[in-house]
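What follows is a short report on a single structure.
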Amino acid sequence: MASYELMFIIKPELDDDQVATATDRVHQLVVANGGNVTKTAAWGKRRLAYKVRQYTEGHYVVSNFEVGSDKIIELERVLKISDTVFRHLLVRREAPAVGQNEVVVPEASAEDIAAIYQPATDEGPATYNEEDVEGINADAELESKKVEASGPVATTQPASETPVPQTAASPTGESKQAEPGEEEGQ
């Protein structure tokens, strides 16, 4: 059996009970195909980065499970035709190395986020509650991540208006500057 991670997004108009039912259906699908679910994290209702069909938000759920590699095609097929899941991503996971920890995404409710963040308005830009973000110096972090140029930056300057005099070879092999109005080869 191989380990997989499945992130799926459920339609936003469903309530919490319907989201739990949809999540259970996905888990039943894994179990029916001979797998077992090891971990599930419901991230809640979040805004999408871009519009998918007519949706701008959805309920995110991430599940880790083990199932035979030959059963993945069936899982993908059923998820594509699901009436509650409108987007999913299934990836094969490598087992964490000894001593390596999994990344855990902290869960924050909409109320927690609203308590520290005020969106931009006509009166001004977005702001954060300074007590909640105390000790974070975003400007210093950005400055430390800047890539320094390894040398001077080349700039181009406009060509001068006066023509540069050309040199012409004399019959004796010496080069001389061409006089204004004089043509080459004379």
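The values are calculated or read from the model by the stated rules, or taken from the named source; none is laboratory data. What you see is a predicted model, and the numbers here were worked out from it, not measured in a lab. Heads up, the Cβs are rebuilt from the backbone with ideal geometry, glycines too, and the neighbour counts pull from every protein chain shown.
Within segment 57-74, which residues are β-branched (V, I, T) and surrounded by 15 or more Cβ atoms within 10 Å (Cβ to Cβ)? Working first, answer last.
Keep residues of segment 57-74 that are β-branched (V, I, T), which gives 61-62, 67, 72-73.
Hits for segment 57-74 are V61, V62, V67, I72.
Evaluating Q28 against the criteria (1) surrounded by 12 or more Cβ atoms within 10 Å (Cβ to Cβ); (2) in a helix (DSSP H, G or I) leaves one unmet condition, (1). Looking across segment 1-19, just one residue is loosely packed, with under 14 Cβ neighbours inside 10 Å and not charged (D, E, K, R), and that is M1. Residue check: is V91 surrounded by 11 or more Cβ atoms within 10 Å (Cβ to Cβ), hydrophobic (A, V, I, L, M, F, W, C), at pLDDT 90 or above and more than 11 Å from I9 (Cβ to Cβ)? Judged against the criteria, V91 is not a match. Summed over segment 1-21, residues that are under 27 Å from the mean Cα position of the chain (by Cα) and part of a helix (DSSP H, G or I) total 1.
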